[in-house]
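What follows is a single structure, written as structure tokens, with notes after it.
The values are calculated or read from the model by the stated rules, or taken from the named source; none is laboratory data. Only a predicted model underlies this, so the values are computations on that prediction, with no experimental measurement involved. Heads up, the Cβs are rebuilt from the backbone with ideal geometry, glycines too, and the neighbour counts pull from every protein chain shown. Note: areas computed on protein heavy atoms with side chains; ligands, DNA, RNA excluded. Shrake-Rupley method; radii C 1.70, N 1.55, O 1.52, S 1.80 Å.
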Amino acid sequence: MDDTAALKNTPLHALHLLLGARMVPFAGYDMPVQYPAGVLKEHLQTRAAAGLFDVSHMGQVIVKAKSGKYEDVALALESLVPVDILGLAEGRQRYGFFTDENGGILDDLMIAHLDDHLFVVVNAACKEADVAHMQKHIGDRCDITLLDRALVALQGPRAVDVLAELWADVAAMKFMDVRHCRLHDVSCLVSRSGYSGEDGYEISIPADKAEDVAKRLLEHPDAQPIGLGARDSLRLEAGLCLYGNDIDTTTTPVEAALEWAMQKTRRTGGARAGGFPGAERILRELDNGATRRRVGLKPEGKAPVRGHSKLYADAEGRTEIGEVTSGGFGPSVDGPVAIGYVPVSHASVGTQIYAEVRGKYLPVTVSAMPFITPTYKR
């Protein structure tokens, strides 16, 4: 049986083939890993100008209270995430995560407040489970609708110029603003956000109009199509988590160094403290710290240290202390970068540890993240 037969296509599939993309299976979809320019050039293009990514495989979900009140949908979703959603202003979004009873992470997501409802973007591999999770726990109070729309990310310092050709007001948006607009006479939803460490936008488009809008964006001389290969190296340099690699049900938000995403109102002493799955453990770790921590890692030399490489306290590999969860070559850093978990005793920036690579123990230094300077427009 042909493995590709069961793969789904995004609304931009034909365009990827037209642009000469190399396609690979990813989260159940046939997705472009790179275009003829190649991963290195696509990465540097995004850092220098603008890159257009197809992220239509991700789940776009509308969550609306049956009462029609924003307060009701906000409080309902707050029962599943350790995030302040009631205090999220209209036209704004924030990062969050579904937690389980043990304080582990079921998925990470973006949550936007639009009028009387929430627009939630979840990871492709988790979207059916996430919708089922919401249906089970808040489906009695809320209507949960998985949308059939395209989603593209336009990222890079010139993204604003590229998008302004279709909608002049885009320049006035701040990081994490969300707006309805018309692009090329198509009704779209735009957020000033992304997954690259650069300024940029994520654009939700009706599926049947996605190719038209993408082609218009790519007509701009500063915009090039970018595949999943560069998407991964860009987010790695930005120190951003990839669900299934750097965070999962075995990692808590505090272990994952995501305290910044949990607002005071949901913490011990806050107006709506706790009330989410795993609250006991997560609040305890917020107050007292966790025993291990997600850290940035810079290997010496040029050899990349890949995910699942073991980490050791000593050059002889006697004392295993952790594991690399993501790693590769960082084109903008011009060297290898990685993310991994180590005990708090070894988590200080500058600590030297060792990674096992093909039977050798290579020196690795704990480093601050992100590895690059983000250009978000706050």
Item to check | Size of electric dipole in the chain: Cβ of Lys, Arg +1 and of Asp, Glu -1, about Cα centre, debye, nearest 20 | outcome: 660
Checklist entry - Protein chains only, probe 1.4 Å: how do 360, 377 rank by accessible area, largest first? => result 360, 377
Checklist outcome for this item: Looks like the chain, by Cα gyration tensor root eigenvalues a ≥ b ≥ c and the a/c under 1.5 rounded cutoff (else prolate when a/b is bigger than b/c, oblate otherwise), is oblate
Item to check | GluC sites (Glu not before Pro) restricted to DSSP loop in region 244-348 with at most 15 other C-beta within 10 Å | outcome: 300, 316
Checklist entry - Which Cα, out of 70, 55, 82, lies furthest along the positive dipole direction of region 44-147 (beta carbon charges, K/R +1, D/E -1)? => result 55
Item to check | 116, 232, 107, 287, reordered so the largest accessible area comes first (probe 1.4 Å) | outcome: 287, 232, 116, 107
Checklist entry - Which order do 16, 180, 220 take by accessible area at a 1.4 Å probe, largest first? => result 180, 220, 16
Next on the checklist: For a quick check of understanding: with a 1.4 angstrom probe and all protein chains in place, what accessible area in square angstrom does residue 181 have, to the nearest ten?
Outcome noted: 10
Checklist entry - Accessible area of residue 90, 1.4 Å probe, to the nearest 10 Å²? => result 120
Item to check | Heavy-atom accessible area per residue - the chain, 1.4 Å, Å² | outcome: 42
Item to check | Candidates 365, 319, 265: whichever shows maximal mean-square fluctuation once the chain is modelled as a Gaussian network with Cα springs under 10 Å | outcome: 319
Checklist entry - Where the centre of each part is set by its Cα atoms, how far does region 84-158 sit from region 249-284, in angstrom? => result 17
Checklist entry - Which cross-chain or sequence-distant (5 or more) residues have an amide H under 5 Å from the amide H of residue 29, H modelled 1.01 Å from N in plane? => result 8
Checklist entry - What 222 nm value per residue comes from the helices of the chain, counting each DSSP H run with n ≥ 4 as -39,500 (n - 2.57) and dividing by all residues, nearest 500 deg cm²/dmol? => result -5500 deg cm²/dmol
Item to check | Other-chain or far-sequence residues with amide H under 5 Å of residue 242's (modelled H) | outcome: 247
Item to check | Charged-residue dipole, Cβ positions (Lys, Arg, Asp, Glu), region 287-356 about Cα centre, Debye nearest 20 | outcome: 140
Checklist entry - Each residue of region 25-36 in order: what ³J(HN,Hα) in whole Hz does its phi give by Karplus 6.51 cos²θ - 1.76 cosθ + 1.60, θ = phi - 60°, with x for Gly and Pro? => result x, 8, 6, x, 10, 8, 10, x, 7, 6, 10, x
Checklist outcome for this item: Contact order relative to length for region 1-83, counting C-alpha pairs under 8 Å separated by 6 or more residues, stands in percent at 20
Item to check | Apportionment of accessible area to carbon and sulfur, region 245-335, percent (1.4 Å) | outcome: 47
Next on the checklist: Over region 254-376, what is the relative contact order in percent, taking alpha-carbon pairs closer than 8 angstrom and at least six residues apart?
Outcome noted: 25
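Contour minus end-to-end for residue 129 and residue 172, with contour as 0.36 nm per residue of separation and end-to-end as the Cα-Cα distance? Working shown, then result.
Working: separation 43, 0.36 × 43 = 15.48 nm, distance 3.61 nm.
Taking residue 129 through residue 172 to full extension adds about 11.9 nm, to one decimal.
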Item to check | Stretchable slack from residue 145 to residue 164, in nm (0.36 nm times residue separation minus alpha-carbon distance) | outcome: 3.8 nm
